[in-house]
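What follows is a short report on a single structure.
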Amino acid sequence: MATQGTAIADALYEAREVLEGGGRGEAGKAVLLITDGEDHRGDAIAAASALADAGIRIFAVAVGGTEGEPIPVLDREGNLTGYKKDKEGRTVLTRTDAAGLRDLTARGNGLLLTASGADLGVLKFLPELEKIQKGEIESRLSVQYDDKYAWFAWPAFALLCAAAALGEGPLRRRLA
């Protein structure tokens with residue numbers, strides 16, 4: 001990364017480009033952010049409003065702690081080699097900005113989900129995604145009847161009425 005830090009607004013705008021360019025038309029669209037909520041660049045609230053205006057819902061899974069947790073530094077194999085330090089050599093802590101994420105998801109017509117377990121709370125997103133998909137499918141399903149054979153129905157109805165009026169008389173016995 002050329003610049004360190006989180007750019008939630010940039011990520012949201014990029015997600016919008018991807019979703020609008022996907023050829024899904026008016027299909028339900030959603031973005032899932034997995035973040036601590038600290039935004040170091042951009043205006044994430046404005047980006048969330050822009051996505052909401054485009055019909056894209058924003059959901060977020062808050063990770064990390066409110067007291068602050070060190071940012072791990074990993075080697076190429078994924079092994080922990082230490083923690084990120086600032087210019088004075090102090091360990092840099094990241095804190096979950098739950099209030100900021102709540103505002104962000106409210107602007108984006110979504111929900112803030114809490115991370116728990118190995119799935120990081122992502123499984124809590126599935127029912128919400130299902131609601132979006134179900135709403136999309138239900139909105140596309142509509143039954144429309146078109147009367148195409150009315151000109152057959154009236155003569156058939158007239159013959160039925162005539163048959164009922166004839167009853168069991170001699171004319172009907174001759175036709176049968």
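The values are calculated or read from the model by the stated rules, or taken from the named source; none is laboratory data. Quantities reported herein were computed from a predicted structural model and do not represent experimental measurements. To get the accessible areas, we keep the full protein, side chains included, count just its heavy atoms, and leave off ligands, DNA and RNA. Shrake-Rupley method; radii C 1.70, N 1.55, O 1.52, S 1.80 Å.
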- Query: Between ALA106 and TRP154, 0.36 nm times their residue separation minus their Cα-Cα distance comes to what?
  - Reply: 11.5 nm
- Full extension from ALA46 to ILE71: what is 0.36 nm times the residue separation minus their Cα-Cα distance, to one decimal in nm? 6.3 nm
- Note on the structure: Non-local residues with an amide H under 5 Å from the amide H of ALA30, with H modelled 1.01 Å from N and Pro and chain starts lacking one, are ARG57
- Candidate residues VAL73, VAL18: accessible-area rank, largest first, probe 1.4 Å: VAL18, VAL73
